[in-house]
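Please read the structure below before turning to the comments.
Bear in mind these aren't lab numbers, they're just calculated from the coordinates by the rules spelled out. Computed from a predicted structure; not experimentally measured. Here Cβ is always computed from backbone atoms with ideal geometry, including for glycine, and neighbour counts include all displayed protein chains.
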Amino acid sequence: MGRRTALFDLHRTLGARSVDFGGWDMPLHYGSQVAEHNAVRRAAGVFDVSHMGVVDVDGARSRAFLEQLLANDVAKLTAPGRALYGCMLNEAGGIIDDLLVYRLEASAFRIVVNAGRREADLAWIRGHAAQFGVSVVEREDLAMLAVQGPEARALTAKLLVPEHAQAALALAPFHARPIGEWYVSRTGYTGEDGFEVMLPAGGAADLFEALRAAGAAPCGLGARDTLRLEAGLNLYGNDMDEQTDPFESALGWTVALQPVTRRFIGRDALEAIQRRGSARKLVGLLLVDRGGVLRRHQTVIAPGAGEGEITSGGFSPTLERSIAFARVPAATGTEVEVDVRGRALRARVVKPPFVRHGQPLVS
């Protein structure tokens with residue numbers, strides 16, 4: 001038996017099929033993964049994402065600490081309520097985790113890390129925090145829900161008093177603010193608009209049910225995975241890990257090498273990689289031939305360049321095609337072949353995302 005969120009009993013009542021994910025018992029779907037996927041693309045869905053780790057960092061030197069800890073630069077968070085996506089690296093430039101960091105106050109920040117990396121991340125963060133004299137507190141008292149889809153923000157606002165509703169709807173993308181007992185951010189992992197809401201765990205089930213009653217479809221990890229794949233969003237442990245760096249994981253845009261005086265962990269390794277060039281790259285694949293589905297670990301043959309491997313793949317409900325991410329040689333061209341159960345099927349190399357805000361970006 002894995003760890004359980006505050007909504008575990010509710011998921012069972014709703015008929016969810018549960019799976020182990022990062023050591024947590026989490027809902028895979030509530031009946032139809034495709035229906036849940038389409039609900040998010042067309043209207044709204046609600047996900048329990050309380051398995052994610054929420055860590056608060058506070059202290060006079062908290063900004064200096066995070067400037068060293070992260071490859072992206074928290075100096076970009078010029079005011080409370082700003083959010084930033086980035087990676088935490090080891091000395092070799094490998095990705096320990098990808099995460100979101102929020103500026104709560106002048107010297108207080110909140111980090112949201114992946115479920116399967118909670119313990120490793122906390123150990124790493126605490127190990128480097130001591131020299132800065134900052135506090136690191138895991139917020140196990142909080143739950144987290146994600147409300148995603150073109151109708152998600154308006155639907156959520158209906159649950160709030162007018163003053164709070166206006167504050168929520170006024171949030172710009174990658175901004176957040178406390179609203180009553182909630183901490184609401186306009187972020188997500190689906191390629192759709194919406195909110196992620198952190199709140200006391202005791203109130204999570206009531207909020208989930210209120211959102212469901214208002215029209216949000218309960219959604220599980222299955223739909224979350226197909227949505228994030230269509231949206232071109234990496235999954236830790238699939239598309240990146242400690243053996244891969246941001247440049248070969250299509251995350252070079254999250255690396256802030258300016259100013260040169262900011263000596264973050266992994267910087268020297270990344271500068272060396274940048275000088276010599278990456279041998280591999282992460283690309284999107286769109287299956288051309290029929291008769292198969294692109295899956296993780298399948299071999300990719302790049303004519304004249306060598307071989308690579310699919311890191312994430314599956315059937316796209318929106319495109320009604322098979323799509324994937326693959327790590328391939330840097331010299332890979334515009335077409336490859338994928339070994340699908342002993343058959344060499346043609347695939348086209350494309351730049352993710354495949355779908356954004358419900359609209360196909362590839363054909």
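Overview of values
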| read-out | value |
| --- | --- |
| Per-residue ³J(HN,Hα) for region 344-359, Karplus 6.51 cos²θ - 1.76 cosθ + 1.60, θ = phi - 60°, Hz, x for Gly and Pro | 8, 9, 6, 9, 9, 7, 10, 9, x, x, 8, 9, 9, 6, x, 9 |
| Extension gain (nm, one decimal) between GLU307 and ASP20, 0.36 nm per residue minus Cα-Cα | 100.2 nm |
| Chain lengthening between ALA344 and GLN243 when straightened (0.36 nm per residue, less Cα-Cα) | 33.6 nm |
| Lys, Arg +1 and Asp, Glu -1 on Cβ, resulting dipole of region 279-363 about Cα centre, debye, nearest 20 | 180 debye |
| Distance from region 67-131 to region 314-363 (C-alpha centre basis), Å | 31 Å |
| Full-extension gain in nm, THR78 to ALA60, via 0.36 nm per residue minus C-alpha separation | 4.9 nm |
| Two-decimal ratio, region 53-166, of alpha-carbon radius of gyration to 2.2 N^0.38 Å | 1.17 |
| Pairwise label distance in nanometres, ALA272 with ARG12, each label 7 Å out on the Cα-Cβ vector | 5.2 nm |
| Relative exposure of THR156, THR311, judged by other C-beta atoms within 10 Å (fewest first) | THR311, THR156 |
| Proxy reagent accessibility, fewest Cβ within 10 Å first, across SER32, SER249 | SER32, SER249 |
| Distance between region 232-251 and region 272-308 - C-alpha centres, whole angstrom | 13 Å |
| Residue-count net charge about PRO150 - beta-carbon cut-off 13 Å; Lys, Arg +1, Asp, Glu -1 | +1 |
| Region 1-59: relative contact order as a whole-number percent, Cα under 8 Å and 6+ apart | 30 percent |
| Summed residue charge, Cβ within 12 Å of ARG327's Cβ, Lys/Arg positive, Asp/Glu negative | -3 |
| Length-normalised contact order of the chain in % [C-alpha pairs under 8 Å, at least 6 apart] | 18 percent |
| In nm, spacing of pseudo-spin labels at ALA120 and VAL137 (7 Å Cα→C-beta vector) | 2.8 nm |
| Hull volume in cubic angstrom per residue (convex hull over the Cα atoms of region 1-121) | 143 Å³ |
| Estimated distance in nm for a label pair at VAL161 and GLU91, the labels positioned 7 Å out from Cα along Cα-to-Cβ | 5.4 nm |
